[in-house]
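S.K.: One structure is given below, represented as C-alpha cells, and several questions about it will come after.
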Amino acid sequence: MSIFRKLAWYFRLEWRQYLVGIVGLLLTAIIAIIPPRIIGNLVDGIHGQTMSGRQLALDIGLIILAAIGQYATRYMWRNAIWGGAAHLEQLLRNRLFNHFMKMDRVFYQKYRTGDLMAHATNDLEAIQRVAGGGILQFADAIITGGTTLIAMMTLIDWRLTLLAIIPFPFLAVISRYLGQRIHRAFSASQAAFSRLNNKAQESISGIKVIKALGQGEADVADFDQQVDETIKINRRVNRLDSMFDPAITLIISISYVATIVLGGLFVTHHVITIGNLVSFISYLAMMIWPMFAVGMLFNTMERGNASYDRVMELLEQETHIIDRKNGLTIRPTGTIDYHINRFDYPENAGASLKQIDFNLPAGHTLGIVGRVGAGKSTIMKLLLREFDQYDGEIAFGGHSIKDYALDSYLPAIGYVPQESFLFSSTVFENIRFARPEASKKTVEAAAAKSDLAGQIDQLPAGYETQVGEQGISLSGGQRQRLAIARALLIDPELLILDDALSAVDAETEAEILQNLKTERANKTTIISAHRLSSVMNADEILVLDEGAVAERGTHAELMAQGGWYQKMFTEQQLETQAKGGITNG
C-alpha cells in the first residue's frame, strides 16, 4: 500500500471527486445484491408452484430497475475515478516538463534523452493506472466483496458463507509474495525500456552518421540485442503476472466445490431452499471480480510504486543554477567584466578555465580563438549561466550576472552555437521562435542580415518551407545562418557566435560580419572561431591554451608577437590561397 501513501497528497487534493467515485461504487454494489435475491425467490416460487403472473411481472420490473440503477451509478464512479486519474497524469506531466525546463546542463549530462522520455511516458502511465484502476480495484474489492459477503451471511446462511471464504486468506499470501517479486522485476523492466528507448532515439537522430560510416548492420545488431534483452526481462514480469489469475481461479474453484457439496446437503436437509442455493451461487460468482481485483491491485500497485520512485528521483534533482526570487528584472546593458580565477566542470579532473580576465565595453567585439578543447566554449557557457559554480566574478552592466532574474538576463543574449537546434517547422517559424509576435517584415530583415534571404528565395516554398527534423533539409551553412537570423531577431545586447560561421564560405562569412558590424554598432559581440579571419577585426582577441590566456591583443598586435596566432593565421591564409588557386586552375 506504499504507493497509496505516496499519492496521499493528490487524494487529499481531489478528495471530493474520489468520494463521489467511492459512493458510486458503494451504490453499485448495493444494487447488485438485489437481482440474485430476486432470482432465488423466482426459483423458489417456480419450484413450489406459488409464482403468480403479477409477482413475476413485479420481480422482472425490479431486475430492470436494478439494471438501470447500476448503469447510472457505474457512470457516476467511472467518471469520477477515471477523471481523477487523468487529472493526476496531467499534473505530473506538467510538473515533469516544467522540471525539465528548469534543469541545468549537469542534469542532462547525467540523464539520457531516451531515459527521460521513458519516464515521461511509461512511468507516468503506470502511476495514472494506480489513481484510476488501482483505486477501483482497492475500493471495489472491499465494497463489492464486503457487501456481497454480508448478503451471503444475512440473506442465505452464515455457515455456508464461512466455508466458502476459507480459501480466501491464501490469496493474500500469494499476492504479497508475487507482489514483491513483481516490484523488482518491473523496475528492471522499466530500466530496460529506458535503455531501448534511448538507443532508438540516438539511432534515429544519428542515422546520417551511421549510414555514412557504413555501420547500419552493426547498429541494427546492437538494437536487436537490446530488444532481446528487454523482451527477456519483460517475460519474467509476465510470468510473475500470469501467476495471479490461476491462483484466483483455483481459490474460486475450491469455494464453488465446497458450496455445492455443503449447499446440496443443506437443501436436502431443508436448512436452505433451492432458491437460496441459486442466490448463494450467484453471490459467489459476484465474488470473482473482487478476487481478481485483489490480484490486479498488487500488480498495479507494484508497477506504479516502481514508476513513482523513478519519477520522484528525477523531480528531486536540483538545478545548480539558482534563479533568485528578488533578482534584477532590468535588461542588462553596458560593460562585461569577466574575471574567472578557476572553473572546473563537475566530475571532471583538472581546471577547465584558469585566470581568464577581460573587460568588454558596450559596442565592442571580442574574439576568442585557440585549439580544440582550449576552453573557448566554456567561456560562453559561464556567460550563459549554464554553470554558476566557479571561483571569480562575471558582471554585466555593473551587476553580477547571478543577481539578474534569468527571465531578464537570458533574453538579452543572442547565442549561436556551431550546431544550432532547429525545430520541425517552417523557416519562418524557426527564425521567429524567440519572438513569436514578430512580423514577416521583421523576420525578412533578420534573414537579410545573416545573408540568408537569397537562399530562402530559392527554397521550394520560401519562408514556408519545412526544414525537417533538426533542419535536415537544409545545408550546414543554411542552418547556421538561420540560427544567426533567429538570434538577431531579438536585437540582443550581447551576441555570442560560438564557431557559428564554420559551415559558410569565406565570402559569405565576410558579408555576415560586415552586416553585423553595421547593424550592431552600439551592441556587444563575442566571436569564438577556429577560422581566424572571423575575429581579425575584433577590438580585442584572446588566444586560449589549456583553459588559460596565452596571447591577447588586436589582430595587428598578435601578428607582431609572432606566436601561435601569427603562425595559424599565416597557415590559414596560405591554405585559402591554395584552394583559390586550385579552383581557378
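Coordinate-derived values only; no laboratory data. Not measured: the values here are computed from a predicted model. Cβ sites come from the backbone with ideal geometry, for glycine too, and all protein chains shown count toward neighbours.
S.K.: Set the Förster distance to 41 Å, then compute FRET efficiency between Phe97 and Leu58 from the Cβ-Cβ distance, nearest 0.05. Intermediate values should be presented prior to the final figure.
M.R.: Working: r = 58 Å, r/R0 = 1.42.
Once the sixth-power term is evaluated, E becomes 0.10.
S.K.: Quick one: if you stick a label point 7 Å off each Cα along the C-beta vector at Ala67 and Glu393, how many nm between them?
M.R.: Result for the modelled spin labels: 8.3 nm.
S.K.: Right, here's the next one. Among Tyr177, Tyr283, Tyr111, rank each residue by its count of other Cβ atoms within 10 Å, from fewest to most, as a rough exposure measure. Please list the in-between numbers first.
M.R.: Details: Tyr177 13, Tyr283 26, Tyr111 17.
Lowest count first: Tyr177, Tyr111, Tyr283.
S.K.: If r is the Cβ-Cβ distance from Asn238 to Ala200 and R0 is 35 Å, what FRET efficiency results, to the nearest 0.05?
M.R.: Values: r = 22 Å, r/R0 = 0.62.
With a Förster radius of 35 Å, E is 0.95.
S.K.: Using 0.36 nm times the number of residues separating Val261 and Val23, minus their current alpha carbon distance, what extension gain do you get? Walk me through the numbers on the way to the answer.
M.R.: Numbers: separation 238, 0.36 × 238 = 85.68 nm, distance 3.65 nm.
Fully extending the segment from Val261 to Val23 adds 82.0 nm.
S.K.: Tell me what the chain gives for mean residue ellipticity at 222 nm when only DSSP H runs of n ≥ 4 count, each as -39,500 (n - 2.57), the sum divided by the residue total, rounded to 500 deg cm²/dmol.
M.R.: On the way: 24 runs with 361 residues, N = 585.
Helix-only estimate at 222 nm: -20000 deg cm²/dmol.
S.K.: In a solvent-free Debye calculation with one equal scatterer on each Cα, what is log10 I(q)/I(0) for region 1-62 at q = 0.17 Å⁻¹, listed in the order of the q values?
M.R.: -0.68
S.K.: Now for a separate question. Along the charge dipole of the chain, which of Gly45, Leu501, Ala85 sits closest to the positive end, that is, farthest toward it, with unit charges on the beta carbon of Lys, Arg, Asp and Glu (+1, +1, -1, -1)?
M.R.: Gly45
S.K.: Beyond 22 Å between alpha-carbons counts as too far, so tell me which of Lys354/Lys376; Lys354/Lys523; Lys102/Lys325; Lys376/Lys567; Lys110/Lys199; Lys102/Lys523 fall in that bin.
M.R.: Values: Lys354/Lys376 12 Å; Lys354/Lys523 27 Å; Lys102/Lys325 14 Å; Lys376/Lys567 19 Å; Lys110/Lys199 16 Å; Lys102/Lys523 28 Å.
Over 22 Å apart, Cα to Cα: Lys354/Lys523; Lys102/Lys523.
S.K.: Measuring from centroid to centroid over Cα atoms, what is the spacing of region 236-261 and region 128-143 in Å?
M.R.: With region 236-261 and region 128-143 each reduced to a Cα centre, they are spaced 20 Å.
S.K.: For Ser408 and Asp545 in one chain, what is 0.36 nm times their gap in residues minus the Cα-Cα distance, to one decimal in nm? All intermediate terms of the calculation are to be shown ahead of the outcome.
M.R.: Values: separation 137, 0.36 × 137 = 49.32 nm, distance 3.30 nm.
Net length gain for the segment: 46.0 nm.
S.K.: Also: Give me Lys211, Lys449, Lys402 ranked fewest to most by other Cβ atoms within 10 Å of their Cβ, as a rough exposure proxy. Numbers along the way, then the final one.
M.R.: Details: Lys211 11, Lys449 21, Lys402 16.
Arranged by neighbour count, lowest to highest, Lys211, Lys449, Lys402 become Lys211, Lys402, Lys449.
S.K.: I'd like the GluC sites (Glu not before Pro) in region 355-439 restricted to DSSP loop residues with at most 11 other Cβ atoms within 10 Å, sorted by number.
M.R.: Details: sites: Glu386, Glu393, Glu419, Glu429, Glu437; in loops: Glu386, Glu419, Glu437.
Of the GluC sites (Glu not before Pro), the ones in loops of region 355-439 whose Cβ has at most 11 other Cβ atoms within 10 Å are Glu437.
S.K.: Taking the Cβ-Cβ separation of Leu574 and His87 as r and a Förster radius of 41 Å, what is the calculated FRET efficiency to the nearest 0.05?
M.R.: Computed FRET efficiency for Leu574 and His87 comes out at 0.05.
S.K.: What ³J(HN,Hα) values, in whole Hz, does the Karplus curve 6.51 cos²θ - 1.76 cosθ + 1.60 give for region 138-152 when θ = phi - 60°, with x put for Gly and Pro?
M.R.: Couplings: 5, 5, 5, 4, 6, 6, 5, x, x, 5, 5, 4, 4, 5, 4 Hz.
S.K.: How much of the DSSP beta bridge set in the chain is antiparallel, as a percent to the nearest 5?
M.R.: On the way: 21 of 40 bridges.
Among the beta bridges of the chain, antiparallel pairing accounts for roughly 50 percent.
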